[in-house]
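Have a look at the structure below, then the notes.
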Amino acid sequence: MARWRPDIGDAEATPEGLWLRRRDFLKLGAAGALSLAWPERPAAGEPVGATLPVTKREALAGGEAPTPWEDVTSYNNFYELGTDKADPAARAGTLRPRPWTVTIDGEVKKPLTLDVDALIKRFPLEERVYRMRCVEAWSMVIPWVGFPLGDLLRQVEPTSRARFVAFQTLLDPAQLPGQRRAVIDWPYVEGLRIDEATHPLTLLAVGLHGRVLPGQNGAPLRLVVPWKYGFKGVKSIVRITLTERQPPTSWSRLAPSEYGFYGNVNPAVDHPRWSQARERRIGEFLKRKTLPFNGYPEVASLYAGLDPRSLY
Amino acid sequence: MAIGAARSRWIGAAGWGAALAPLALLAADAAAHRLGANPIEAVLNRLGFWTLTFLALSLAPTPLQRWTGLAWPLRLRRRLGVAAFAYAALHLSWYLGVDQFFDLEVVVADVVKRPFITVGFAALLVLLPLAVTSTDGWVRRLGFARWKALHRLAYAAALLGVVHFAWRVKADRLKPTLFAVVIGVLLLARLGPGPRRAQAGRGSP
């Protein structure tokens, strides 16, 4: 290949120090351009916090790899710690998840008020890898650590009148400063039918990725119902009350036309303002199809005879 | 008037600089992986935010002149308006080409069925003729009076933009409310007594 040869080389015309720096500069520029063209995430933040002893592991997300710790703990809807997705991780320091008292009462023969660690010690901890589908049409795969809510409910012996289970998040604006603004009628409340609550998939989670639950994910104790939209997964629970009547739930109270009691994932029933047919899995570029019951068809029998359109 | 011309050029350059700064910041954040777990959504939201911000900024020079007599910001109005259109066009392109990845079936359904998307789309359509006629040539061709009347459509675009934002959020309406208040004040300030002409008789369009 013919090359134009200058009479005087770059190295001669330019002081060596500058000449070398020019190379560095070009390399830096090329690296910058490449990183812009292919934004590859840096090594994800490693999980932090105490490791939890797990006796059993079940992968129930179709063999999909879990969403990295970094994403699960930095992109959260927990309005009590701020309404932007990054707020809860930035502000979780105000939440003190230990010591923490939990009360289980209402239509039960053996009501309980006890420390959260005493509660957790009553059950062997399991890891369950579940899909998590947010009502905002994004989703994750999360390895939760916890125990089935049904195991706890059996211990408190529901009465024959117990038909629903109501959950309540901590009300304390000092720990949850988002409660100083009435974005939602605080405290956050949620509810399940008792057969939903005792379904083996329904979990009380105390950790994720093998570690103790961080504040932004609802420490120290939160609900996980994998076939329902994420807003059903009430965080930082202080009270579980069994009731005869259907309890109020925060989002359906705020916008009854947009959120019902059930919140079952259903690609055929749109949110009034956006489609629920597809979702973006965090970490993926293309949207994927949303699965009925978020890919847990075994729960369909709970709703036999009910119009799925009434289960939003 | 060499000093005047230099000052005018300087103001113009500063206007373009201000218009490009958010885009540069966005590129820097993307390169440094500061857009979080859902970067596609983060970019979409930021482009929308800057559309509304530049729309509000483009509405500010007129009341500013009325209140303070300050005339030089009037020279930036067209640049700020063009910037608002550019961010709106990027916002729509990102939604269309990246967020939905050219799934036209979904996009058409969204525009028809989802009122907040319908309104946002309408806002962009309103801005389009304003961007096209933003040149000096078009001011001359239309005549200043007609050009000015046409460009009052910016008021409609700003209001549609705020409605688009307000109808999209789930519960926390703080940010759309702030935009509504700012834009509302800037529009209401146009009513009432005429401009103060003490310092600058005629602002450039």
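What the table shows:
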| read-out | value |
| --- | --- |
| Kirkwood-based shape ratio for the range A:56-310, expressed as Rg/Rh from alpha carbons | 0.93 |
| For A:GLU279, A:GLU107, A:GLU126, A:GLU244, order by how many other beta-carbon atoms lie within 10 Å, fewest first | A:GLU244, A:GLU126, A:GLU107, A:GLU279 |
| Amide hydrogen neighbours beyond the local backbone of A:ALA255, cut-off 5 Å, H modeled | none |
| In degrees, nearest ten, helix A:16-37 long axis to first principal axis of chain A (Cα) | 30 |
| Kyte-Doolittle at least 0.5, axis length at least 20 Å by Cα - qualifying DSSP helices, chain B | B:2-31, B:39-58, B:115-132, B:153-168, B:174-188 |
| Mean residue ellipticity (222 nm) of the protein assembly as shown, computed from DSSP H runs ≥ 4 via -39,500 (n - 2.57), nearest 500 | -12500 deg cm²/dmol |
| Percent RCO, i.e. relative contact order, over the range B:2-188, from Cα pairs under 8 Å lying at least 6 residues apart | 22 |
| Gyration tensor (Cα) of the protein assembly as shown, equivalent ellipsoid semi-axes in angstrom | 51, 31, 21 |
| Pair B:LEU178, A:PHE285: separation of 7 Å Cα→Cβ label points (nm) | 3.4 |
| Student exercise, the range B:2-188 dipole from Lys, Arg, Asp, Glu Cβ charges, in Debye to nearest 20 | 920 |
| In sequence order, calculated HN-Hα J values of the range A:79-94 (Karplus, 6.51, -1.76, 1.60; Hz; x Gly/Pro) | 4, 5, 10, x, 9, 7, 4, 8, 4, x, 5, 6, 10, 5, x, 6 |
| Cα-Cα over 32 Å, subset of B:LYS148/B:LYS170; A:LYS228/B:LYS113; A:LYS85/A:LYS109; A:LYS235/B:LYS175; A:LYS121/A:LYS287; A:LYS85/A:LYS289 | B:LYS148/B:LYS170; A:LYS85/A:LYS109; A:LYS121/A:LYS287 |
| Student exercise, the protein assembly as shown dipole from Lys, Arg, Asp, Glu Cβ charges, in Debye to nearest 20 | 2280 |
| Packing-based exposure ordering (other Cβ within 10 Å, fewest first) of B:LYS148, A:LYS110, A:LYS85 | A:LYS110, B:LYS148, A:LYS85 |
| The range A:120-128 - phi-based ³J(HN,Hα) in whole Hz, Karplus 6.51/-1.76/1.60, Gly and Pro as x | 4, 5, 6, 10, x, 8, 10, 9, 10 |
| Whether the range B:2-188 is rounded, prolate or oblate, judged on the alpha carbon gyration tensor where a/c under 1.5 counts as rounded | prolate |
| Three-way shape label, the range A:127-173, alpha-carbon gyration tensor, a/c 1.5 | prolate |
| Most positive-pole-ward Cα, B:LEU70, B:ALA109, B:GLY97, against dipole of chain B from beta carbon charges | B:LEU70 |
| Dipole-positive endmost among A:SER252, B:ALA30, B:LEU124 within the protein assembly as shown (Cβ charges, Cα centre) | B:LEU124 |
| Listed residues A:ARG122, A:ARG222, A:ARG211, most fluctuating in chain A (Gaussian network, C-alpha, under 10 Å) | A:ARG122 |
| Distance between modelled label sites at A:ALA174 and A:LEU112, nm, 7 Å Cα→Cβ extension | 2.8 |
| The protein assembly as shown - share of DSSP beta bridges that are antiparallel (%, nearest 5) | 80 |
| Nonlocal amide H pairs with A:ARG281, under 5 Å, H built at 1.01 Å | A:SER139, A:ARG288 |
| Charge-dipole axis of chain B as Lys and Arg at +1 and Asp and Glu at -1 on Cβ define it, positive-most pick from B:ALA189, B:PRO176, B:PRO39 | B:ALA189 |
| Cα-based shape type of the range A:130-231, given that a ≥ b ≥ c are square roots of the gyration tensor eigenvalues and the cut on a/c is 1.5 | oblate |
| Burial ordering of A:TRP144, B:TRP67, B:TRP72, B:TRP94, fewest other beta-carbon atoms within 10 Å first | B:TRP67, B:TRP72, B:TRP94, A:TRP144 |
| Test item: A:267-277 mean partner chain Cβ contacts at 10 Å | 3 |
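Bear in mind that the values in this text are calculations on the coordinates, not laboratory data. If you're wondering where the values come from, they're calculated on a predicted model, not measured in any experiment. Note: ideal-geometry Cβ built from the backbone for every residue, glycine included; neighbour counts use all protein chains shown.
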